[in-house]
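Following: one structure in structure tokens, then a few remarks.
Every number in this text was worked out from the coordinates using simple rules, so none of it is lab data. In this text the structure is predicted, and so the values were computed from the model without any measurement.
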Amino acid sequence: MLRSFAYVTSAVELLRGQAAPEGYEQRMREQFLSCYFAAVDSTLMPAGETAIANLLSIFELEKAIYELRYELNNRPDWTPIPVAGIVRLLESA
């Protein structure tokens, strides 16, 4: 789901030539995670915020790499979307 927020933000530019509202992706990520953590059984999560953040980063990176492969094969002009996600995740590590 988190990668979908990056896609919708970037797709607005690619498809409509408009910028997404300022801070949209980050606000959506925060809202989604807040609701998710409020609803999920905490015993299913790793212990501690750092461990959770690391796990999320690993899952997001795996998904962004999958997306890059998909876009290279199907929509090469959309490759900047997963590349930006990969760069963001690697820089935050």
For this session: Calculate how steeply helix 2-11 sits against the longest principal axis of the alpha-carbon atoms of the chain, using the helix alpha-carbon long axis, and give the answer as 0 to 90 degrees to the nearest 10.
Result: 20 degrees
Exercise. What are the radius of gyration and Dmax of segment 42-93, computed over its Cα atoms and given in Å?
Worked result: 13.4, 42
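When the gyration tensor of segment 1-79 is built from Cα positions, what are the square roots of 5 times its three eigenvalues, in whole Å, from largest to smallest?
27, 17, 8
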